[in-house]
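Written below as structure tokens is the structure these notes are about.
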Amino acid sequence: MTRPDLPQLLDTLDADASLAQRHLWLISLFDWVRGSKLTPEDSSGRMQRFLDAVQAEPALQDRLRQWWRVLADTVDSTMVLADHGMSHRTAFFSELSDRLGRKILPATPETIDAAELFDLALPSRHDAAWLSALDAPTLARIGALLSSPSRTPGVTLWQDELLQAIAFCTSQIMATGVASELRLRMSPEARHAEPFNSLSSDVEALRQAFIATPREAPELDAAAQRLRERLELCRQAAASVYPHLNEHGISVNLVFILRQLRERVLRVRDLMDCLLSATPQLSTARLLARLTLAGQERRSLRSLVRANASMLAAKVTERSAETGEHYITRDRAEYRGMLAKAVGGGAATALTTLLKFMIAAVGLTAFWAGMWSSVMYAASFVLIQLLHWTLATKQPAMTAPAMAAKLKDLGSSTAVDEFVDEVTHLVRSQVAAVLGNVGMVAPCVLLISLAMQWLGGHPMVDHKEAEHVFHTLHLLTPSTLLFAAFTGVLLFVSSLIAGAVENWFVLHRLDSALRYNPRIGAVLGAVRADRWAHFMREHISGFASNISLGFMLGLLPPVLAFVGLGLEARHVTLSTGQLAAAAASYGTQVWHMPDFWWCVAAIPLIGVLNLTVSFYLALQLALGAHSVTGLDRQRLRAAVFRRIRQQPGSFLWPKG
């Protein structure tokens, strides 16, 4: 659409035009003021040119005032002042759905929704910049041009709308603050003080002091101060919920509600500044600029997810850190213990390999083969967990948050050194786990295959299946390393699921329910119920991680293949077992097959990619949750490389 010049714009100003045309004129006016978006000062200068043109013609001033009165009667600006940028929803996921709809569906200027019109007229961050750049004389000219009386004597229409917006916004704060989901989680002091209950009376006192004739400054200042103090008490009461969430689990919806409440408190303060400050015009310009930015944020899916998931990410990494501590070895005794656990995990994975080939031999469709493989993988991983064995690739996504937890105080002189120590401990732990898994799964699979050959006359897999294994694990097959990296992503996702499920378990106090619920106690008995509660609290994270990983490894590849994404899993321990089974199919002649050795060469790289991808993603999430800056990350990388140069052996074997 061609931008009209100023004379054309002024000629088309018509208060009697249709609703859509009146609003389109407003949109065109701001589009002209916006200009080429060179600088905020350029746009503010264009606004001065507009004011000069209007004030040069008295008839044009009358037309503009008439148009403004019609606009004010048509749309309720109180809703923009009090509610713009705030959510109309009370839950995170309903708000996410609403924003997604706004992204997809176009808006229309034929509306009486002031917020929708505001977004159409001021859609960019440049608008916030030039509104902030307007100087006091320009703002005074705008105020004088558009000022009009209200139904309340001695109060302008703008002041009356500000008072209404304050009342509306504080009613929303009060409704949120007295809701049981927040009230029950507040500190006892905040709950007993009941700061939200007196908000409405403080707002009414401010209104009466402002509209009083004559207006008494001492009474107005006292009423304003009482309201500000009440708002601060409300903010502190809401903030007292966070320690409860940190201890008992994070709810995204609760965090979303708390952030909305805080934003409303800040909005009331801005509205009061527009009404009571010594420079109300400048306060009004700042408010409009903030409303413009709030509209931008209100439409942004990224800002919604980022703002409301930050505490959940911190809590997920904290839960993973608690689990990850068990996977880090720091001395030779723990190192040998990890090696023994990994040997057990490798032996269990040998049986998993056998079951995988048995499912494949049945000849099921891709979906059902994937489904039963998922059940088998999940059962195998849970068995390894319950036997207190370990699977090497499960560790990095859990241990990264445990290491990042060491970085809460990077100002300490020992924090970086402690982090590097944890890196060396982790790498050694991975060496032990991979050696134990791979070193045990291969001979176990060979023994199972030889036993099947001796008892049944055929090995675990035939030559056709063995050829397929050689092809899928061949180092020169382009997809081999890609699929290994993809498996690292699945390992990271399983750790997220584990942390989220444990957070959900703690948030809903299910361990307490298992321990004390009368119906459960009547069935299990008090002693057994307590034992089950302790067991589930200890193992819920592992169950969630292992079951989710099993289903992703088995079911996700056929589902992705159905939609045309041929991504498969390449897990180092499972791949080693499959390669051992394929080798047993050929017997001693496999030593002379180049394809076999290409696959052997691929196994270490598959392991490295499984470990490093999952570890990198988990560490990045953990560093973000602990607000570790880019500069601090550079310090950490430099310290790790320095340790590699100075003590390379420490990454492979503990000193003592």
Looking only at region 150-184, how many residues end up being assigned to a loop (DSSP other than H, G, I, E, B) and touching a strand residue (DSSP E or B) at 6+ places or on another chain (Cβ under 9 Å)?
2
Hits in region 112-156 (condition: over 27 Å from TRP32 (Cα atoms) and touching a Ser or Thr at 6+ places or on another chain (Cβ under 7 Å)):
PRO149, SER150, PRO153, GLY154, THR156
Mind telling me which of the residues PRO214, PRO218, PRO243 ends up being part of a loop (DSSP other than H, G, I, E, B) and either more than 17 Å from CYS169 (Cα to Cα) or not basic (Lys, Arg) (or both)?
PRO214
Condition first: more than 15 Å from GLU57 (Cβ to Cβ) and either surrounded by fewer than 12 Cβ atoms within 10 Å (Cβ to Cβ) or among the aromatic types (Phe, Trp, Tyr) (or both). Now tell me which residues in region 9-18 satisfy that.
ASP16, SER18
So which helices (runs of 4 or more DSSP H) stay within region 562-648 end to end and still have 2 or more residues that are at pLDDT 95 or above, under 31 Å from the mean Cα position of the chain (by Cα) and more than 28 Å from THR414 (Cβ to Cβ)?
none
Just checking, which of ALA513, ALA484, ALA451 is crowded, with 22+ Cβ neighbours inside 10 Å, of a type outside the set (Asp, Glu) and part of a helix (DSSP H, G or I)?
ALA484
Which of the residues belonging to region 19-66 are surrounded by fewer than 15 Cβ atoms within 10 Å (Cβ to Cβ), polar (S, T, N, Q) and without any contact (Cβ under 8 Å) to a residue 40 or more places away in the chain?
GLN21, SER36, THR39
If I filter region 356-384 down to residues being surrounded by fewer than 17 Cβ atoms within 10 Å (Cβ to Cβ) and without any contact (Cβ under 8 Å) to a residue 40 or more places away in the chain, which single residue comes out as farthest from VAL461 (Cα to Cα)?
LEU383
Hey, which of the helices (runs of 4 or more DSSP H) in region 1-96, taking only ones fully inside, have at least 1 residues that are among the β-branched types (Val, Ile, Thr)?
19-34, 40-55, 58-74, 77-83
Checking PHE92 against (1) at pLDDT below 85; (2) not assigned by TED's automatic domain parsing to the domain that holds GLU181, which test does it fail?
(2)
Looking at this structure, is PRO109 closer than 27 Å to LEU266 by Cβ, modelled with pLDDT of 85 or more and assigned to a loop (DSSP other than H, G, I, E, B)?
no
Is it true that some residue in region 92-103 is hydrophobic (A, V, I, L, M, F, W, C) and in contact with an Asp or Glu (Cβ under 9 Å, 6 or more places away or on another chain)?
no
Condition met for LEU157 (modelled with pLDDT of 90 or more, surrounded by 18 or more Cβ atoms within 10 Å (Cβ to Cβ), closer than 20 Å to ARG269 by Cα and not small (Gly, Ala, Ser))
no
With respect to LEU71, determine if the residue is within 16 Å of TRP25 (Cα to Cα) and buried (at least 19 other Cβ atoms within 10 Å of the Cβ).
yes
Can you name the residue in region 13-48 that is modelled with pLDDT of 90 or more and polar (S, T, N, Q) and is also farthest from LEU134 (Cα to Cα) among such residues?
SER18
With respect to MET371, determine if the residue is at pLDDT below 90, more than 14 Å from SER545 (Cβ to Cβ) and not in a loop (DSSP other than H, G, I, E, B).
no
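The values are calculated or read from the model by the stated rules, or taken from the named source; none is laboratory data. A quick note: this is a predicted structure, and the numbers were derived from the prediction, not measured. Every residue, glycine as well, gets a Cβ built from its backbone with ideal geometry; the counts of neighbours run over all protein chains shown.
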